[in-house]
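Here is the structure we will look at, set down as structure tokens.
The values are calculated or read from the model by the stated rules, or taken from the named source; none is laboratory data. Quantities reported herein were computed from a predicted structural model and do not represent experimental measurements. Here the Cβ positions follow ideal geometry from the backbone for every residue, glycine too, while neighbour counts run over all protein chains shown.
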There are 4 protein chains.
Amino acid sequence: MASNTFGKLFAVTTFGESHGPAIGCVVDGCPPGLALAPEDFRHDLERRATGRTRHTSARREADEVEILSGVYEGITTGTPIALLVRNTDARSKDYAKIADQFRPGHADYTYWQKYGVRDPRGGGRSSARETTMRVAAGVIARKWLAGRHGVRVLGYMSQLGEVTPGRRDLSAVEDNPFFWPDATQVPALEAYMDALRKSGDSVGARVDVIATGLPPGWGEPVYGKLDAELAGALMGINAVKGVEIGDGFASVAQRGSEHRDAIDAAGFASNHAGGVLGGISSGQPLRCSVAFKPTSSLRLPVDSLDTDGNPVEVVTTGRHDPCVGIRATPICEAMVALVLMDQALRHRAQCGDVGDVTPRVPPGKP
Amino acid sequence: MASNTFGKLFAVTTFGESHGPAIGCVVDGCPPGLALAPEDFRHDLERRATGRTRHTSARREADEVEILSGVYEGITTGTPIALLVRNTDARSKDYAKIADQFRPGHADYTYWQKYGVRDPRGGGRSSARETTMRVAAGVIARKWLAGRHGVRVLGYMSQLGEVTPGRRDLSAVEDNPFFWPDATQVPALEAYMDALRKSGDSVGARVDVIATGLPPGWGEPVYGKLDAELAGALMGINAVKGVEIGDGFASVAQRGSEHRDAIDAAGFASNHAGGVLGGISSGQPLRCSVAFKPTSSLRLPVDSLDTDGNPVEVVTTGRHDPCVGIRATPICEAMVALVLMDQALRHRAQCGDVGDVTPRVPPGKP
Amino acid sequence: MASNTFGKLFAVTTFGESHGPAIGCVVDGCPPGLALAPEDFRHDLERRATGRTRHTSARREADEVEILSGVYEGITTGTPIALLVRNTDARSKDYAKIADQFRPGHADYTYWQKYGVRDPRGGGRSSARETTMRVAAGVIARKWLAGRHGVRVLGYMSQLGEVTPGRRDLSAVEDNPFFWPDATQVPALEAYMDALRKSGDSVGARVDVIATGLPPGWGEPVYGKLDAELAGALMGINAVKGVEIGDGFASVAQRGSEHRDAIDAAGFASNHAGGVLGGISSGQPLRCSVAFKPTSSLRLPVDSLDTDGNPVEVVTTGRHDPCVGIRATPICEAMVALVLMDQALRHRAQCGDVGDVTPRVPPGKP
Amino acid sequence: MASNTFGKLFAVTTFGESHGPAIGCVVDGCPPGLALAPEDFRHDLERRATGRTRHTSARREADEVEILSGVYEGITTGTPIALLVRNTDARSKDYAKIADQFRPGHADYTYWQKYGVRDPRGGGRSSARETTMRVAAGVIARKWLAGRHGVRVLGYMSQLGEVTPGRRDLSAVEDNPFFWPDATQVPALEAYMDALRKSGDSVGARVDVIATGLPPGWGEPVYGKLDAELAGALMGINAVKGVEIGDGFASVAQRGSEHRDAIDAAGFASNHAGGVLGGISSGQPLRCSVAFKPTSSLRLPVDSLDTDGNPVEVVTTGRHDPCVGIRATPICEAMVALVLMDQALRHRAQCGDVGDVTPRVPPGKP
């Protein structure tokens, strides 16, 4: 089979290669009645795009979204919404040299093993170019979640290489190219990235995402838990190697008396759980954290093989990001939004909008 | 909807509550021709069971598996395999007191919010009792994977509270109640757990799983990546708060020149990736690591609410594990096996057993 | 893969062979809060059962349903509902002779070709015994549909061999063993069936199902249309060879001016469509009709092969139905109910209980 | 949810409205290594298209297929294949008058009830325009099935209104605009259709499809039976009201001794079953038959309501087919091919290409 569809009830099918004629997606299951226009996609796609600062790949795509279906007179109709983005700045000749080489740390080798054939131009389907459509689909999810439930999804970079933020001021995040929550560190980060770029090397990053406004009750036991689906969604982003919910790996050395979040009439006293208990949202803010590896496309040579099994020294000369984590913040946000959207619809499928049962009052919310 | 089925082509549907009459599962999609008998389940279920040592819950279940269907004369027939385990040692009266209280850190509150009704006996569906059936289904997957592909899945505890192993000797793992890979530390761990149990508190743990023998090519871009499905499967285990593949969060501070795994004629020079590139297995050993939080069911009191919103002090007196991570090793192994089994079948659906393309020779494997 | 699950949001997974230890099902996705007890299953299972009259197979199963999970204090909790029925009257020795023969018109040959192994006792998985669990799951669906939406599903036999009812009096259906809507014909049918049974032959049948009380709006374009899912569900019943919706094959020779159903303020003027337009319910009664072939298990000999490819003459001596259509009425009703239940939940997933849009007033319903 | 994806392992997601900017599809799960070019789609799309003869709607679409992804250097790569067809001859102003009216027999009313909003231009998503993409996806399935398994899928019209073919000569089918298997009747059919068109009325049709070359073993018990999936696929085509497999409704009046197909060393002696036993292909030719209703879009007036509930007289003046069945033959073929393709992949997922079991020799095939 193949698995290019994300979500069960809000189902996003993406297609397209990095250097093919276009990338796109079909969003199936969007509720009818949502206002939607091409302009809605601009802000988030711009945040994700390369070529906006010197700290990301120089590839400069217009990323103009064409809505091909599912919207009539500016309103979603309940039929599938197809979005199309033409590729315009693909330089495939950069990849001629590596068409028969396996770049270490890349999907070149595994795609070739799996399929016996691969599109080497820009990484083909394995390129992060595909995430454009995740962000686009995420825009629809975010709009519905915000309008109907007041849910907001906010991401920021919480580590760049070995650097961590001095403080976590979410209002600072959109004012610098790193989605960094401590404005005072931005000049140092600029210098850090400039030095890294000159060295020809790359570095990893960590991104945190917070979602607020979730009602309690989203998430499905036992194989569709909210945290499990978030983990799958985030680990599925290119270059991700780890995912945490709430206190994550720090929980290992904690005591139960420390980790568990007491409850009183005012609500929860802490949020070690990260907003999920038993795989179901508790109504607290959702907290997750994602580890990005350093990219493998470097100007520094490395040993590898070609498709005939001969040793080669690979040097990557295309346009690449020295830290993929920088552009990953909107992608992480989008994946969180897609998971929440899907769970929102799944919840009302089984439990109803108005409930098959008497409505309940969460603690701390009169 | 609900999500009590795991896997797409090797689909495991589990059912049952901790203190209901029985737990069970239906395994749909198992290839025909596999030898299978009730005895096959004993070893792994025993490894997962409570009540075998003083370091786990005192509940002592027989966990006898009855095969209800799908096997004829000791051979799987390709029809669904139903497995049933009767609950025999449920003491529901222990839970009468907390039937109308929310235990902090538990699913009590979220199930009640989601469904408006819950089975409070032993945690009902949210109990780790359900993982018995994951282990049982995992037995079938492991048997097929081993017989057909030579795949082995091995787990061990890699951290208990703040204690880490001095060495990672996999041959020591099955000889102690902690699945600990350093025999010299076992007496100290016994003392550690005895003190913890006396204190009434609990502690977290980390479990590592390695799978060897995977061919390259398993895993599906872009939303069914092998690492993404592993992350979802592992995060979906009760009490898990974090998942890593390969170097995981350590990748954040690495340089690309350090992280990428060079290749030569003898194979890969290192395994920072953990056996997955672009979401597809590389043929290297698969490496993942899982964080378990400390359980919330403690004899130590904590503030909470009852179902009427009144403040209560909750004390849990039932039989509980002071470290759920101890019994989690076989569960983690089972989930990894279920993911691999499903991906093995998915791979041959699209790419064929003998390939729709010319077979390829991986490096280092003449 | 395998396909032993029916439905997407109200997902019924069945298991079990005709002569295995038990048959059962897991119903996943049932809304919480529905009252459910073992007694609820008795009426419909009795209607489907063999051995109640001389016109069906002499096998006499108790068909006692045990609820293994998903119900607490008589109320569904939203977790999977497992139902178990033990097989008690299996006479497997009747099948020893045909264990290595292919009965023409049966699944013997195709299962053996597909899987290379088969359970020959009573037809194994291909037996109509499996439909017991469809009826059981249908009971849950019918109860919810009736309670929440006022939907009723009613079936009757509309043809037995070459005999058709003189009138369609639905109040007569439950008063005779044929689900026949014309009481005056029952004695003649008894004689007809007695003669058929003596001849050792079998005959086909047609069953009609009507569902009333459906709101407009259920059904999903374009590959989950209500009529398409009904056709798939009904054709999937053992021995079914044809399905019609509304006027069915009679539509072929109709003119458009005759077939289309005019609408006025009082509602629809006719119902040629059978309650579905564009794959979505119109609010009119749903009408479908199903063709059952005559069973192939006869005392009359027929040429066939054994598993070594040698010619054999097959004579079936087990207990069989001379007309499988007789017991099929409750099975057809159940499959219609399962489709409607699933579509009801799917509709509210996308469009909401209270609607993401302004509620609409259907014509004729002020 | 929504259901715009067809198939599980060969998954076709379509999008687009009749008068939107484009229609398209994403084919996910296609095996790698298949040669594919835009020219491959021409023949079947031309067969399906309107405007080629005076007997179908006058709308004349170029139906040029653009391959947006999944093909590299003329070969499928295993990644999703997106196909796009721009709409060029949409005359939306024809529909202005009926934007607030419900055409009886159409999806107008049910879409409006379901979604609260609809795209009235040309029927929007409910238009048969969508079937263009089914035919396009079917081209890929047919090419793979033919190349790998030698499967051929052939359809023809078996009834037009009250006219039936005098003989069934499949070689005649492609030589007339009706896919009619009796060349001698073509002039009479031309006259019949001319008279019908002048009358402003429409008529139904029946289409038969035969698939040859299937191996035994395709189809999945018990809810993914080959015949059940065919029934669902064919009933899901616009305007279909009935589906038969093999002898279909004629089976009702047959005796078992007549219906069952004897087997000898030369193979099956007859094919009443239509190539499916127990939901699994037997290796015989697959036979199905489909009933199309007469279209409801007529120049003849009919009573209806507008969206405010006021009585109106509806007259349809757009370009429409007087018999939708004429163009339906390639659509039926495509749906059969999509079902077979999906089942082929599902079969090898569970049972393997080379089998997990010893290969078997079907009777009559040494």
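Listed values, structure above:
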{"read-out": "Sole residue being buried (at least 21 other Cβ atoms within 10 Å of the Cβ), within 12 Å of another protein chain (Cβ to nearest Cβ) and at pLDDT below 90, chosen from C:129, C:118", "value": "C:118"}
{"read-out": "Breaking point among (1) more than 14 Å from chain A (Cβ to nearest Cβ); (2) without any contact (Cβ under 8 Å) to a residue 12 or more places away in the chain; (3) in a loop (DSSP other than H, G, I, E, B), for residue B:1", "value": "(1)"}
{"read-out": "The listed residue being touching a strand residue (DSSP E or B) at 6+ places or on another chain (Cβ under 8 Å) and farther than 30 Å from residue B:114 by Cβ, out of C:16, C:24", "value": "C:16"}
{"read-out": "In region A:66-115, residue farthest from the other protein chains (Cβ to nearest Cβ) [restricted to those that are β-branched (Val, Ile, Thr) and in contact with a Pro (Cβ under 8 Å, 6 or more places away or on another chain)]", "value": "A:98"}
{"read-out": "Restricting region D:12-37 to residues that are among the small types (Gly, Ala, Ser) and either touching a residue at least 60 places away in the same chain (Cβ under 8 Å) or out of contact with any Asp or Glu (no Cβ under 9 Å at 6 or more places or on another chain) (or both), the residue that is farthest from the other protein chains (Cβ to nearest Cβ)", "value": "D:37"}
{"read-out": "Flag for residue C:344 being under 30 Å from residue C:193 (Cβ atoms), among the aliphatic types (A, V, I, L, M) and outside any strand (DSSP E or B)", "value": "no"}
{"read-out": "Scope region B:175-219; condition in contact with a Ser or Thr (Cβ under 7 Å, 6 or more places away or on another chain) and of a type in the set (Val, Ile, Thr); matching residues", "value": "B:207"}
{"read-out": "Matching entry among B:251, B:289, B:270 (being closer than 30 Å to residue A:161 by Cβ, within 15 Å of the chain's Cα centre (by Cα) and among the hydroxyl-bearing types (Ser, Thr, Tyr))", "value": "B:289"}
{"read-out": "Members of region A:271-283 found to be assigned to a loop (DSSP other than H, G, I, E, B) and without any contact (Cβ under 8 Å) to a residue 40 or more places away in the chain, listed by number", "value": "A:271, A:272, A:273"}
{"read-out": "Check on residue A:220, buried (at least 24 other Cβ atoms within 10 Å of the Cβ), under 15 Å from the mean Cα position of the chain (by Cα) and closer than 26 Å to residue B:224 by Cβ", "value": "no"}
{"read-out": "Residue, nearest to the other protein chains (Cβ to nearest Cβ), within region D:254-270, restricted to residues that are buried (at least 17 other Cβ atoms within 10 Å of the Cβ) and touching a residue at least 12 places away in the same chain (Cβ under 8 Å)", "value": "D:260"}
{"read-out": "Check on residue A:309, under 23 Å from the mean Cα position of the chain (by Cα), part of a loop (DSSP other than H, G, I, E, B) and surrounded by fewer than 24 Cβ atoms within 10 Å (Cβ to Cβ)", "value": "no"}
{"read-out": "Out of C:300, C:340, C:305, C:345, sole residue that is more than 10 Å from every other protein chain (Cβ to nearest Cβ) and touching a residue at least 24 places away in the same chain (Cβ under 8 Å)", "value": "C:340"}
{"read-out": "Top-ranked residue in region C:198-214 [being part of a strand (DSSP E or B) and among the small types (Gly, Ala, Ser); ranked as farthest from residue C:284 (Cα to Cα)]", "value": "C:205"}
{"read-out": "Some residue of region B:57-65 being β-branched (Val, Ile, Thr), closer than 26 Å to residue B:238 by Cα and within 22 Å of the chain's Cα centre (by Cα)", "value": "yes"}
{"read-out": "Test result for residue C:322, touching a helix residue (DSSP H, G or I) at 6+ places or on another chain (Cβ under 6 Å), more than 7 Å from every other protein chain (Cβ to nearest Cβ) and not hydrophobic (A, V, I, L, M, F, W, C)", "value": "yes"}
{"read-out": "Region D:40-93, residues that are among the basic types (Lys, Arg) and either free of Cβ contacts under 8 Å to residues at least 40 places away in the same chain or touching a strand residue (DSSP E or B) at 6+ places or on another chain (Cβ under 8 Å) (or both)", "value": "D:42, D:60, D:86, D:93"}
{"read-out": "Criterion: within 29 Å of residue B:282 (Cα to Cα) and within 24 Å of the chain's Cα centre (by Cα) - qualifying residue of A:119, A:100", "value": "A:119"}
{"read-out": "Test: residue in region B:271-290 that is within 7 Å of chain A (Cβ to nearest Cβ) and either among the acidic types (Asp, Glu) or over 26 Å from residue B:343 (Cα atoms) (or both)", "value": "no"}
{"read-out": "Among the residues listed as B:227, B:201, B:175, the single one being crowded, with 17+ Cβ neighbours inside 10 Å, touching a helix residue (DSSP H, G or I) at 6+ places or on another chain (Cβ under 7 Å) and more than 25 Å from residue B:297 (Cα to Cα)", "value": "B:227"}
{"read-out": "Residue list for region A:190-246, filter: in contact with a Pro (Cβ under 7 Å, 6 or more places away or on another chain), of a type outside the set (Ser, Thr, Tyr) and facing chain B (nearest Cβ under 7 Å)", "value": "A:203, A:204, A:216"}
{"read-out": "Members of region A:178-198 found to be surrounded by fewer than 18 Cβ atoms within 10 Å (Cβ to Cβ) and either among the basic types (Lys, Arg) or in contact with a Cys (Cβ under 8 Å, 6 or more places away or on another chain) (or both), listed by number", "value": "A:197, A:198"}
{"read-out": "Residue check for residue C:48: among the basic types (Lys, Arg), under 21 Å from the mean Cα position of the chain (by Cα) and surrounded by fewer than 18 Cβ atoms within 10 Å (Cβ to Cβ)", "value": "no"}
{"read-out": "Subset of region A:4-25 (residues that are in a strand (DSSP E or B) and touching a Leu at 6+ places or on another chain (Cβ under 7 Å))", "value": "A:6, A:12, A:15, A:16, A:22, A:24, A:25"}
{"read-out": "Residues located in region D:59-78, provided they are surrounded by 20 or more Cβ atoms within 10 Å (Cβ to Cβ) and part of a loop (DSSP other than H, G, I, E, B)", "value": "D:59, D:63, D:65, D:68, D:69, D:70, D:77, D:78"}
{"read-out": "Failed item in (1) under 30 Å from residue C:15 (Cβ atoms); (2) at pLDDT 95 or above, with residue C:177 passing the rest", "value": "(2)"}
{"read-out": "Search result, residues across region B:220-244 that are out of contact with any Phe, Trp or Tyr (no Cβ under 9 Å at 6 or more places or on another chain) and either closer than 16 Å to residue A:338 by Cβ or not in a helix (DSSP H, G or I) (or both)", "value": "B:220, B:224, B:225, B:228, B:231, B:243"}
{"read-out": "Positions within region B:26-46 being outside any loop (DSSP other than H, G, I, E, B) and of a type outside the set (D, E, K, R), in sequence order", "value": "B:26, B:27, B:35, B:38, B:41, B:43, B:45"}
